[in-house]
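Below is one structure, written out as structure tokens; comments come after it.
The values are calculated or read from the model by the stated rules, or taken from the named source; none is laboratory data. Keep in mind the model is a prediction, meaning the values are calculated, not measured. Every residue, glycine among them, receives a Cβ derived from its backbone with ideal geometry; neighbour counts consider all protein chains shown. These accessible areas exclude ligands, DNA and RNA; they are computed on the full protein's heavy atoms, side chains included. Shrake-Rupley method; radii C 1.70, N 1.55, O 1.52, S 1.80 Å.
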Amino acid sequence: MKNLLLIIVISLLTYSLSAKEYFGADAQKIIKGANQVRITDKTDFPNYIVFSDSYQIPVEKFGSWIKSYLKTPDKISFKQISKINDKIGYTHIKYQQLFDGKEIDEAVFTLHTKNNKIISLSGNIFMNVQVVNNIVITTETAINIAKNKMKAISYKWEIQSEEKQLKIETNNPVATYFPSPKLQIFYTKSGEFKQVYNLTIYSHKPIDKKEFFID
């Protein structure tokens with residue numbers, strides 16, 4: 001198969017994150033209504049925006065606002081992860097960006113709000129998501145590839161005592177260390193978006209834990 005495998009161990013993944021800050025009129029040229037914008041080379045959308053007092057967007061209008069910046073708005077959606085009220089009156093709402101219903105790895109951001117208005121935004125959003133591949137392997141194959149890369153002698157899900165302890169610690173009778181590959185969108189260092197299986201392998205001997213992205 002052409003372009004058979006993309007295998008990335010998360011512990012080896014590094015990014016250059018040089019940041020540029022813009023204020024006032026320069027920030028407005030990038031994001032309308034902003035008085036501060038920070039851009040890094042991690043994403044194609046600012047990873048920090050502070051809105052001017054006169055242009056603070058109502059929380060319920062965030063979806064329509066952000067989609068005006070997206071290249072494929074019909075395929076992009078956002079899933080709320082958490083909502084936290086702090087002691088000084090702010091509410092922080094965290095979201096995961098999705099493409100065709102699949103999570104985009106590391107595309108997580110937070111709206112910092114007060115009185116239902118967005119004061120600032122921080123985190124990673126991708127504007128132009130174009131997936132370049134289709135998954136051609138099964139979840140079972142993905143697991144076997146990850147095990148072959150890890151080369152452990154034994155794995156935690158093979159050890160009855162480890163499985164039993166996990167169920168006790170999590171208070172979950174069906175908890176297991178057996179890997180459960182999840183279909184995600186991964187942004188590669190070459191600037192491409194790929195569909196991948198994301199899975200975590202727990203080895204017993206030697207004791208280790210590694211996260212894999214495999215296509």
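Structure notes:
- At R0 = 45 Å, FRET efficiency that the Cβ-Cβ distance of E21 and K205 yields, to 0.05: 0.40
- Equivalent-ellipsoid semi-axes for region 87-215 (Cα gyration tensor, √(5λ), whole Å, largest first): 33, 23, 11.
- Residues of region 24-141: accessible area per residue with a 1.4 Å probe, Å²: 52 Å²
- Region 130-215: trypsin sites (Lys or Arg not before Pro) in DSSP coil with no more than 11 other Cβ atoms inside 10 Å: K151, K189
- Taking Rg and Dmax of the Cα atoms in Å as calculated from this structure, the corresponding entry among [x] 20.5, 63; [y] 17.8, 61; [z] 15.9, 50 is [x].
- Solvent-accessible area, 1.4 Å probe, carbon plus sulfur percent, for the chain: 50 percent
- Charges were assigned to the Cβ only: +1 to each Lys and Arg, -1 to each Asp and Glu. The resulting dipole of the chain about its Cα centre is roughly 80 debye.
- Taking label positions 7 Å along the Cα-Cβ direction at both K164 and S82, the computed distance is 3.4 nm, reported to one decimal.
- Note on N133 and V174: their simple-model spin labels are 3.1 nm apart, each label 7 Å out from Cα toward Cβ.
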